[in-house]
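The values are calculated or read from the model by the stated rules, or taken from the named source; none is laboratory data. Just so you know, these numbers come straight off a predicted model, no measurement behind them. Cβ atoms come from the backbone with ideal geometry, glycine included; neighbour counts cover every protein chain shown. Protein only, heavy atoms only, side chains kept; ligands, DNA and RNA dropped before computing areas. Shrake-Rupley method; radii C 1.70, N 1.55, O 1.52, S 1.80 Å.
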Amino acid sequence: MAQSISTIKLTHQIRHRAYNLKALEKNNIVEYVLGKGDFGFTVVTAGDECRRRQQQRLYIIIIFTSTQKTKARTTTMSGEVIQCKAAVAREAGKPLVIEEVEVAPPQKMEVRLKILFTSLCHTDVYFWEAKGQNPLFPRILGHEAGGIVESVGEGVTELKPGDKVLPVFTGECGECRHCKSEDSNMCDLLRINTDRGVMINDGKTRFSKDGQPIYHFLGTSTFSEYTVVHSGCVAKINPNAPLDKVCVLSCGISTGMGATLNVAKPKKGMSVAIFGLGAVGLAAAEGARIAGASRIIGIDLNASRANEAKKFGVSEFVNPKDHDKPIQEVIAAMTDGGVDRSVECTGNVKAMISAFECVHDGWGVAVLVGVPNKDDEFKTLPINFLNERTLKGTFFGNYKPRTDIPGVVEKYMKKELEVEKFITHHVGFSEINKAFDYMLKGESLRCIIRMDA
Ligand code: NAD
Ligand code: ZN
Ligand code: ZN
């Protein structure tokens, strides 16, 4: 919220109750009111409305019933169209434009979220550049974020207004063969679909401006103050979790860590090569460290990643630019024939091939995580497979978003997982294009975008 919360006054309290206005003044009303459930949500919505109308005061009448239940006599926006700010990608590679858009109410099995923090992942950049991907514009990008449920559509029973959530780009319907399988997170209904720009319920968008549709991205479109998401793509998390930190668990960090821990599964003492030391790759390195890898070899074309990577347990750094021969040969020479595991987090198909060819024969496993261009082809000699190397790939580190992500957030809450070191930059929503610059220049790991600034 741009407006300081101190201008929002709680008055007319029927039955006296002390409210800690200091906590509200921290300009963090959402954190403060969350514990108060629906009431908190109402204040948030009303506060926003107040700001929009540029009102200086908001009067909320609180009625405490004899059973101590709290009711606030203000209206929610549930069922109504919300007007809010969104960063719209109108053309490939052109700066996003902050615009007032309309966000329709959630339909069957959908929820409308108020996004509080979002961050930029390289997948957003690919679809914004649309060089190796299908162009679809105008579109609201963004898929790594944290927010609060504003309202729910018909049939939604597991989420309610006020719940603290992480939207996830791949969903979990809970019913299909994939959702019922322990091995897969590729839900039949809600698996990642990069080319779909509409909601699956009716094939339409929930975003519009002047009656013209604006397309969704990955079913999440978090570069908007409000967004509509299928309820199966929403992980309900600990209400005390700080969204400005755990938002990075809704894509990059969980993806990288899960790729190592859930898919590559190195045994203690094994060697692991990580290709690409952005946030996803460094999270994969973190996974290798947790698994007890003896050597973690980081490979990146960006020399400045070498120092940063040490904080994530990367014990050796290799820059392909420093070598004349293929990088898989360099790694094989360093490791007596190849690494035990490799995880590719670059999105570059040549690096994908190197990641496969650098694993040891007999037992080596390579895992692809980077998103390739749509026409990329992976070429290698079949003998590499016959020699008992394994190639795998994963979305979202094989985590099931609703089942597993609350537990990943708990790991952070118990200090078993650090996310702060992945967060290198912060910008306000109005400066969202800076986050793109930082990533394109290779300066940032994760840049947190604060929606109310
Ligand atoms: P990033 O841009 O922060 O990091 C990528 C790193 O790879 C950079 O440091 C870059 O210098 C390096 N790199 C690029 N080409 C290379 C090459 N040929 N050899 C060595 N290093 C190279 O991006 P990120 O946000 O960490 O994302 C990494 C990749 O993971 C992207 O392709 C992204 O789309 C993908 N991704 C996949 C999933 C999934 O579920 N599979 C989820 C999130 C992100
Ligand atoms: Zn992502
Ligand atoms: Zn499913």
For region 103-235, with the dipole built from +1 on Lys and Arg beta-carbon atoms and -1 on Asp and Glu ones, taken about the Cα centre, which of 122, 228, 208 lies farthest toward the positive end? 208
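Once you order the gyration tensor axes a ≥ b ≥ c over the Cα atoms, which shape class does region 249-351 get: rounded for a/c under 1.5, otherwise prolate or oblate by comparing a/b with b/c?
On the way: a/c = 1.61, a/b = 1.23, b/c = 1.31.
Taking the square roots of the gyration eigenvalues as a ≥ b ≥ c, region 249-351 is oblate.
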What whole-number distance in Å separates the alpha-carbon centres of region 368-440 and region 211-260? 14
Per the 1/(1 + (r/R0)^6) rule, R0 = 45 Å and r from the Cβ atoms of residue 333 and residue 80, FRET efficiency to 0.05 is 0.10
For a test of the definition: using alpha carbon positions, the gyration tensor, and the 1.5 limit on a/c, classify region 163-289 as rounded, prolate or oblate. prolate
Region 359-401, relative contact order [Cα under 8 Å, separation at least 6], %: 57
Note: region 257-305 at 37 °C, 0.692 mPa s; Kirkwood Rh on alpha carbon pairs; Stokes-Einstein D in µm²/s works out to 313
Where in region 158-195 is the amide nitrogen less than 12 Å from a point lying 7 Å along the Cα-to-Cβ axis of residue 403? 172-187
Within the set of other residues whose C-beta is less than 15 Å from the C-beta of residue 387, count the net charge using Lys and Arg as +1 and Asp and Glu as -1. -3
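First select every other residue whose beta carbon is under 9 angstrom from the beta carbon of residue 120; then total the charges, Lys and Arg +1, Asp and Glu -1. Mind showing how you got there, number by number?
Values: positive: 446; negative: 124, 144.
With Lys, Arg at +1 and Asp, Glu at -1, the neighbours total -1.
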For residue 175, project a label point 7 Å along Cα to C-beta. Then give me every residue of region 186-222 with its amide nitrogen under 12 Å of that point. 188-190
Using a probe radius of 1.4 Å on heavy atoms only, what accessible surface per residue do you get for region 137-287? Whole Å² is fine. 31
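How high is the FRET efficiency from residue 325 to residue 437, r the C-beta distance, R0 30 Å, rounded to 0.05?
In this case the efficiency is close to 0.30.
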What per residue convex hull volume, in Å³, do the alpha-carbon atoms of region 336-453 yield? 174
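Using a 1.4 Å probe on the protein chains only, how many percent of the accessible area of region 224-318 belongs to carbon and sulfur?
53
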Accessible area in the full protein assembly, largest first, 1.4 Å probe, for 325, 400, 85: 325, 85, 400
What trypsin sites (Lys or Arg not before Pro) in region 185-221 are in a loop by DSSP, with at most 14 other Cβ atoms within 10 Å of the Cβ? 204
Would you work out what percent of the accessible area of region 351-453, with all protein chains in place, is carbon or sulfur (probe 1.4 Å)? 51
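Tell me, what is the per residue accessible area of region 329-439 in Å², probe radius 1.4 Å? Could the numbers behind the result be given before it?
Numbers: 5220 Å² over 111 residues.
Per-residue value: 47 Å².
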Output the pairs from 85/209; 94/245; 265/392; 131/350 with a Cα-Cα distance over 21 Å in this structure; if there are none, say none. 94/245
Given the convex hull over the Cα atoms of region 103-209, what projected area results after averaging over all orientations, in nm²? 7.7
